[in-house]
1. Hey, got a sec? Which chymotrypsin sites (Phe, Trp or Tyr not before Pro) in segment 23-107 land in a DSSP loop and have at most 10 other Cβ atoms within 10 Å?
2. Show me 43-49, 104-110 ranked by packing, highest mean number of other Cβ atoms within 10 Å first.
3. Carbon and sulfur atoms: what percent of the 1.4 Å accessible area of segment 42-106 do they account for?
4. Determine, for each peptide in 143-152, 92-101, the mean count of other beta carbons within 10 angstrom over its residues, then list the peptides with the highest first.
5. Give the long-range amide H neighbours of T122: residues separated by 5 or more places, or on another chain, with amide H under 5 Å away, using H modelled in the peptide plane at 1.01 Å from N.
6. Over segment 45-172, with the other protein chains present, what is the accessible area per residue in square angstrom, probe 1.4 angstrom?
Amino acid sequence: MTDAPEKIPTLMRFGRGLPDPLPRWADFPRYNFVGGHNDPDRIPVAALAAAAAAALNAHARRMALYNLGAGPMGFEDPRDGIARRLAETRGVTISREPVLVTSGSGQGLDLVNAALVELGDTVILEEFTYSGALNKARKSGAKVVGAPLDARGLDVERLGAMLDAMAREGVRPKYVYTSRLCRWSGKKVGVKQTGQTWLALADHRQLLLEPEVPCVRRLETSASDAFCSCGR
């Protein structure tokens, strides 16, 4: 197949209404701030290779089976690890049974939106947020409302005021999506700020979605069932 459209074989007939083709890949710009790229010079190559070798030695035979023979919920080892981490950081004691391992936060968000969101529902995302979460929410037909930020992440007081105003109008958002990485300042959200967010949402029995399970201390609150982590 050549670059010239007139030389495309006549048997290859594309459907109508296709978008314009993208320009040719011209490599990353010198200063690249797109997505979640890491510093190539900081990748622990030797440690990753050792970890891969250990995993292969332990579980290579299971690679012959779809889903490693573990079923659709995911491989048992990471599910056990997630359960342990929830017990250590959230005070939530569960087995591996309710833990689902997804292929990144994107797949988790797809599942959440498909299960919860209907056309016209309201969801709350940070004003500066993960573009994938924003696009998926819009694709699900949700009305997206931006939550205000401060230097530490979500502005908890203003978020609470937003939820109060929505409640007076009979609107209950399906979820609030947030990240421990404050995308305005580039700083990690601390334990205290995370806890304040939880407590503010607990007053509204509001579902909180996070793209990772943060390492935080257990909070003494009886409303832990109001929260859910969408992790990777």
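1. Passing both the DSSP loop test and the Cβ count: W25, Y31, F33.
2. 104-110, 43-49
3. After summing per-atom areas, the C and S share lands at 61 percent.
4. The densest-packed peptide leads the list: 143-152, 92-101.
5. K143, K174
6. On a per-residue basis, 62 Å².
The values are calculated or read from the model by the stated rules, or taken from the named source; none is laboratory data. Everything numeric here is computed off the predicted structure, so don't read it as measured data. Glycine gets a Cβ as well: all are built from the backbone with ideal geometry, and neighbour counts include every protein chain shown. The accessibility values were calculated without ligands, DNA or RNA, using every heavy atom of the protein model including side chains. Shrake-Rupley method; radii C 1.70, N 1.55, O 1.52, S 1.80 Å.
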